[in-house]
1. Within the range 91-106, work out how many residues are part of a loop (DSSP other than H, G, I, E, B) and within 16 Å of Phe80 (Cα to Cα).
2. Of the residues that sit in the range 39-58 and are touching a Gly at 6+ places or on another chain (Cβ under 7 Å) and assigned to a strand (DSSP E or B), which one is surrounded by the fewest Cβ atoms within 10 Å (Cβ to Cβ)?
3. Taking the stated definitions as given, is Ala36 in contact (Cβ under 8 Å) with a residue 24 or more places away in the chain, of a type in the set (A, V, I, L, M, F, W, C), surrounded by 15 or more Cβ atoms within 10 Å (Cβ to Cβ) and over 23 Å from Gly117 (Cβ atoms)?
4. Given the residues Ser26, Ser61, which is the only one that is in contact (Cβ under 8 Å) with a residue 24 or more places away in the chain and part of a loop (DSSP other than H, G, I, E, B)?
5. Restricting the search to the range 29-38, which residues are part of a strand (DSSP E or B), of a type in the set (A, V, I, L, M, F, W, C) and modelled with pLDDT under 95?
6. For residues in the range 67-84 being in contact with a strand residue (DSSP E or B) (Cβ under 7 Å, 6 or more places away or on another chain), in a loop (DSSP other than H, G, I, E, B) and touching a residue at least 24 places away in the same chain (Cβ under 8 Å), which is surrounded by the most Cβ atoms within 10 Å (Cβ to Cβ)?
7. I need a count of the residues in the range 70-124 that are farther than 23 Å from Ala8 by Cα and of a type outside the set (A, V, I, L, M, F, W, C).
8. Can you go through Pro114, Pro109 and tell me which one is within 18 Å of Arg31 (Cβ to Cβ), out of contact with any strand residue (DSSP E or B) (no Cβ under 7 Å at 6 or more places or on another chain), at pLDDT 90 or above and assigned to a loop (DSSP other than H, G, I, E, B)?
Amino acid sequence: MLANRLHAILRIDPVSWTPEFQIPLSNLADRYHAIAWSDDKPNGAIWAVTGNNSKSYKEGSPGLHRYDASSGRLVEIVDFAAGSADPHGLAVRNGKLISCDAGIHPGWPNYDSPDAGYIFEIDIT
């Protein structure tokens, strides 16, 4: 679970809703928007969508942070190319990262991104 107020990723017991494990988020991004679990790395990985505190698509700076799932250490930072879609939500399917551009971003005019409504694959090679 992404817990923005705590600035952390939490593993929660699904029965008791008690936090079991906490990974502090890096201060290298202004905003965290979504996380996804991936088991393609040796210890598993947690990918987090990142962004900056911007007022429009032109000012936006989306990216990804990859955390080692067992140690919580930040091990990779991915910056999106200028003009990329604005990722909202994140999933892993068949080892590939999938996201969408919802077109609604806090602090931006609605549908400011030209890719609003698109679902896309994020190829990290």
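The values are calculated or read from the model by the stated rules, or taken from the named source; none is laboratory data. Because the structure is a prediction, the values reported are computed rather than measured. Cβ placement follows ideal geometry from the backbone for every residue including glycine, while neighbour counts extend to all protein chains displayed.
1. 1
2. Only one residue tops the list, namely Gly51.
3. Against the criterion (in contact (Cβ under 8 Å) with a residue 24 or more places away in the chain, of a type in the set (A, V, I, L, M, F, W, C), surrounded by 15 or more Cβ atoms within 10 Å (Cβ to Cβ) and over 23 Å from Gly117 (Cβ atoms)), Ala36 does not qualify.
4. Sole residue among the options that is in contact (Cβ under 8 Å) with a residue 24 or more places away in the chain and part of a loop (DSSP other than H, G, I, E, B): Ser26.
5. Within the range 29-38, Ala34, Trp37 meet the criteria.
6. The extreme case among them is Ala69.
7. 19
8. The conditions single out Pro109.
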